[in-house]
Amino acid sequence: MGTRTKLLRLPDRGRLLVATDLHGNLRDFLALVAHFETLGSDGHLLFLGDLIHGPQIPLERWPDYPNLRGRPYSDQSPAILLGVSELMSRHPGRVFALLGNHEHAHIGGPRTSRFVRDEAAALEQRLGIENSSWLSEFVAGLPLWAMAPCGLLFSHAAPAALLNEPNELERIDYRRYDRPRSDALDAYRSSDKADLDAAALLGQLLWSKSLPPLLARQVLDPLGLTLCIYGHSVIPAGYQTIGAQQLIMSSSFGMEDAYKKILCLDLAAKYPSVTALRLGHEIVPLYPLPSASSSHDRRDTAPQQPGIRPTRSTMPRIRA
Ligand SMILES: [Mn+2]
């Protein structure tokens, strides 16, 4: 896989915005970009996966789907991929995305079928051959975990992996996975770590909904980390803590606007437990949008960056 790594190491200074599970919601993506732009030149942005695959049903039929809370939208995954790619090339080393199970579906993972029978096939049909090939390359290069010196572990789903050291993640091949069983964690807990098959590990890492508090400690302690933060599940209130070391967040999908949450963190700080993540400080509502005068970074009054202009892109042009 060349220089591709499954583990992203975040810097030890600057601000970090974190959002998860956009599922093709372009309006929420642009709201997030507005937050990012208030951070100025030391801002970083991390997506915890599932950028893509949103509802493709007529807006007036939303009431027929009880899981579709919030303001109706139509999937705009192609525009989000273009936007993320544009942000990454405009802000090198400051914009990151982790692999979610919906991205994984494009490179051999289980085909997701929340809105159509095969969401990966449906999106690739919209993208066309050239852009689908770009998408596979992009997804294959996404890391699974991000670690920050401030004590945080980020992942898409619950980080259900007892690693002795984080480089063990590199054994994973995204093309090989085992679908997790409901008892996978128990089996894993009692098994010898060295024997854990990398394919089983990948399945657990992309699909586990949460960890028991004791297991979270066993995951984090060997890595010298204090807190894990992930998405994947819809939390109607926007976030939920489990014990002292886990925060599940919901930024977009399945949410009412008023409850959508993002994180705004100080990479130079220390976060010893979930109580260090305070509503209104580290846990920030996605809406209302930040005004020009309010900045997440109280030390920085750098001028705002211009908005997204699709002028230069590493991604081929998308068909309408
Ligand atoms: Mn997911």
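The values are calculated or read from the model by the stated rules, or taken from the named source; none is laboratory data. Keep in mind it's a predicted model, so treat the numbers as computed, not measured. Quick reminder, even Gly has a Cβ in these numbers, built from the backbone with ideal geometry, and neighbours come from all protein chains shown.
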Search result, residues across segment 11-53 that are within 14 Å of the ligand (Cβ to nearest atom) and part of a strand (DSSP E or B): ALA19, PHE47
Test for LEU8: is it closer than 13 Å to ILE262 by Cβ and within 15 Å of the chain's Cα centre (by Cα): no
Qualifying position, being at pLDDT below 90, buried (at least 18 other Cβ atoms within 10 Å of the Cβ) and in a helix (DSSP H, G or I), among TYR177, TYR188: TYR188
Neighbours by Cβ (under 8 Å, 6+ apart or cross-chain): first from segment 200-216, under 14 Å from PHE154 (Cα atoms); second in a helix (DSSP H, G or I) and within 11 Å of the ligand (Cβ to nearest atom): LEU206/ASN101; LEU206/HIS104
ASP297 at pLDDT 95 or above and of a type in the set (Asp, Glu): no
Verdict on SER85 being buried (at least 18 other Cβ atoms within 10 Å of the Cβ), modelled with pLDDT of 95 or more, more than 14 Å from ASP50 (Cβ to Cβ) and of a type in the set (S, T, N, Q): yes
